[in-house]
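**Student:** Take a look at the following structure, please.
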Amino acid sequence: MNWKKLIITVFRITIGWHFLYEGVSKLVVGNWSAAGYLSNSTGPFSAFYQWMGSSESLMNIVDPANIIALILIGLGLLFGLAIRLSSVSGIILLMLYYFAYPPFGGSLTGQIEGNLYIVNKNMIEALALIVLLFINEKGYGLYALKLFSAKNSDKVKDAKTETTDNSRREAIKNLATIPALGVLGWGAFRNQQQFGVDTLSGATIQIGGANISELKGDLPKGKIGEHEISRLVAGGNLIGGWAHARDLHYVSSLFRAYNTEKKIFETLILAEKAGINSINIGFPTNELLQKYKKITGSKIKVISQVAPDMKNNDYFVNIDKAIDMGVDIVQVQGNWCDWLVRDNKIDVIEKMMARIRSQGYTAGLASHTVDALIACEEQGIIPDYYMKTMHHDKYWSAHPIENRVPFEVDGKNYLDHNKFHNNIFCLFPDRTTEFVQRAKVPVMGFKVLAAGAIRPDDGFNWAFKNGADFICVGMFDFQVVNDVNTTIDVLENLEGRSRKWYG
């Protein structure tokens, strides 16, 4: 057996399978787009990629071209057809990916999986294709099949010469199509120069969001169980469309209209690039996150909130579904913890926590009302981490503390301005702080901005100062970098924290 030929074959097929899988998986999705990937590009050539990503008409060409290129390169390498052309095309495509997010010029720690300093997986695979391009041995493949036979050496020689000449001419002809992507980018550049904005795109208004290049440093991390989690965790409400907009009824619809699937993917890509490696989501968003991770190869940690099915007395159905969808951490949803304690069904919480742990998963327990967590603590129900609403009440729309009632969050909305109306989520800040101070497990504060009523610098500082080890914050794409920078500033200058850091 020709082991050298066999090894080269496996080497070539492995790379080909990667290209083919990437192309087919994007094709199967149906509405996949590289717009978010391009729009959040960094590095010296970021303007080029961002011009392409901002044009809807251009992306209607770039997206299918990218998919087709991946599939054809994959098939060529997998079956051993047009190996040199496939290798050259693959190298060019990988270098386009490489320079979209070049791993140099910043921190030595990569913010995206596989994106290390100078050398990343795109460069490694491109180098592998360069090796395949220049070695004479191509392994086993369909290229070896003869399309005609020759009976004498002169005919064989002429056939080889003709085949070689034809192959070269064909390669030159096909390679001439590769710069088309550059031509399209140049067209976007000229359009930008002429009109100042891309007239075919609505994403032209700047509203104060910081660029990824303005990132102040690495976002600190801690640990929950065996999971390394960024101190700032992305919240799921904005993505899911739960706005907590008090009496502004149109806001939830506006959130959903803005956060299309494409925009959600753009936001998540940007968040990961900025150092946010975790997201806490409502159960209905699991399917979307599963799709995002499959398409992009993201390693973002997914913390899934789960609720019991009380109608069918099935407390575990959503736990099992979340695990099947590939989540990393499972957490009993905050409003359900409140309701179960309120309705004297605390045993359901205990059973759910035991189920999560029996499956080998980190178990979290969330709550809006601190009374629920206190009751669980008294019954010996201690999670691997708490998730608790943590914000002060020094803002205009907070109703008087003397009128607040435990468990009223997610309850009835009153027209009386002095009563609850979806306007406060940490009802008793002092009692919450007392509970957090004695907690012996990590605490993730959420609703730290009271659904937009508190400024980020104020809300982040209050939560960390009063004991939060992590904060969970819902963010639009234009808020991501600012929120990361605010977290870095707050943690670097934090004063007055008495609780030790857990995790």
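The values are calculated or read from the model by the stated rules, or taken from the named source; none is laboratory data. Keep in mind it's a predicted model, so treat the numbers as computed, not measured. All Cβ positions, glycine included, derive from the backbone under ideal geometry; neighbour counts span all protein chains shown.
**Student:** Looking only at the stretch 471-503, which residues are aromatic (F, W, Y) and either more than 17 Å from N237 (Cα to Cα) or not assigned by TED's automatic domain parsing to the domain that holds Q305 (or both)?
**Tutor:** W501, Y502
**Student:** Give the residue, chosen from V443, V405, V348, V341, that is within 24 Å of W242 (Cβ to Cβ), among the β-branched types (V, I, T), surrounded by fewer than 23 Cβ atoms within 10 Å (Cβ to Cβ) and in contact with a helix residue (DSSP H, G or I) (Cβ under 6 Å, 6 or more places away or on another chain).
**Tutor:** Values: V443 fails: surrounded by fewer than 23 Cβ atoms within 10 Å (Cβ to Cβ); V405 fails: in contact with a helix residue (DSSP H, G or I) (Cβ under 6 Å, 6 or more places away or on another chain); V341 fails: surrounded by fewer than 23 Cβ atoms within 10 Å (Cβ to Cβ).
After ruling out the rest, the residue left standing is V348.
**Student:** In addition: I'm checking my understanding of the structure. Among residues of the stretch 245-290 that are β-branched (V, I, T) and at pLDDT below 90, which one is farthest from T42 (Cα to Cα)?
**Tutor:** Out of the qualifying residues, it is V251.
**Student:** Check the stretch 457-470 and report whether any residue there is closer than 15 Å to T433 by Cβ, surrounded by fewer than 24 Cβ atoms within 10 Å (Cβ to Cβ) and basic (K, R).
**Tutor:** yes
**Student:** Does V306 satisfy the condition of being over 27 Å from Q50 (Cα atoms) and either in the same structural domain as A450 (by TED's automatic domain parsing) or in contact with a Ser or Thr (Cβ under 8 Å, 6 or more places away or on another chain) (or both)? Break it down into steps so the answer makes sense when it comes.
**Tutor:** Details: over 27 Å from Q50 (Cα atoms): yes; either in the same structural domain as A450 (by TED's automatic domain parsing) or in contact with a Ser or Thr (Cβ under 8 Å, 6 or more places away or on another chain) (or both): yes.
The answer is yes for V306.
**Student:** Any chance you could count how many residues in the stretch 427-456 are farther than 13 Å from C472 by Cβ, assigned to a loop (DSSP other than H, G, I, E, B) and modelled with pLDDT of 95 or more?
**Tutor:** 9
**Student:** Hey, another quick one. Among the residues of the stretch 351-363 satisfying the criterion of being under 26 Å from the mean Cα position of the chain (by Cα) and either modelled with pLDDT under 95 or in a helix (DSSP H, G or I) (or both), which is surrounded by the fewest Cβ atoms within 10 Å (Cβ to Cβ)?
**Tutor:** Checking each candidate, the answer is R357.
**Student:** Please work out if A366 is closer than 27 Å to R438 by Cβ and surrounded by 23 or more Cβ atoms within 10 Å (Cβ to Cβ).
**Tutor:** Yes; evaluated as a whole, the condition is true for this residue.
**Student:** Name the single residue that is modelled with the lowest pLDDT among those in the stretch 93-118 being among the aliphatic types (A, V, I, L, M) and surrounded by 14 or more Cβ atoms within 10 Å (Cβ to Cβ).
**Tutor:** If we take residues in the stretch 93-118 being among the aliphatic types (A, V, I, L, M) and surrounded by 14 or more Cβ atoms within 10 Å (Cβ to Cβ), then I112 is modelled with the lowest pLDDT.
**Student:** Can you name the residue in the stretch 317-338 that is assigned to a helix (DSSP H, G or I) and among the β-branched types (V, I, T) and is also surrounded by the fewest Cβ atoms within 10 Å (Cβ to Cβ) among such residues?
**Tutor:** V317
**Student:** Does D384 meet the test of being at pLDDT below 95 and within 26 Å of A322 (Cα to Cα)?
**Tutor:** Values: at pLDDT below 95: no; within 26 Å of A322 (Cα to Cα): yes.
Judged against the criteria, D384 is not a match.
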